[in-house]
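What follows is a single structure, written as structure tokens, with notes after it.
Where a number appears in this text, it was derived from the coordinates with a stated rule and is not lab data. Since this is a predicted model, take the numbers as computed values, not measurements.
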Amino acid sequence: MTDPNYGASGQTESNLFNDLVPVQYGSFWERLAAALIDGLIIGIAWSIIASLLGIDLLDRTVIASDSGISMYHWSWGSRGVPMVIYWLYFAFMESGPKQATLGKMALGLKVTNTHGQPISFLNATGRFFAKYLSAIILFIGYLMVLWDDKRQGLHDKLAGTLVVKK
């Protein structure tokens, strides 16, 4: 009979990180709090940058269509630039030496691969964009953290990452 905690590397999961300390995964609520902190930090930073550059954050230009339905204009300054900022923030921070964003650091969390090692910038980029998939399916990808034994969201499973306590 095989042990479900026995990994392909021949070690139990708790041994992947440290022989003496079992892995402690970040809870849904810790991760949500970290995301709120990160959102606040990036939101404030983007507001300051946008005001310095003269970018209208509430660009709501209405475009009338032939069918009589009004549509909002998608603005690179109000939508695209913040997405690039979020991507670079998460990818650089989670693949960096601390393995965590400022929100995760505040809550004592870090992002690792399934062997407890730091992730690459490319892996962090994949994880970031996989979060859109987690969100687009009614946030079920995020809610998976509530019932998954390793507290992985869909984006974590796709990227092969874990959020663990330091």
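Within straight-line reach of Lys157, meaning a Cα separation under 19 Å, sit the following lysines at least 8 residues removed in sequence or on another chain: Lys104, Lys110, Lys131, Lys165. Reported to the nearest whole Å, the Cα centre-to-centre distance from segment 116-152 to segment 19-44 is 12.
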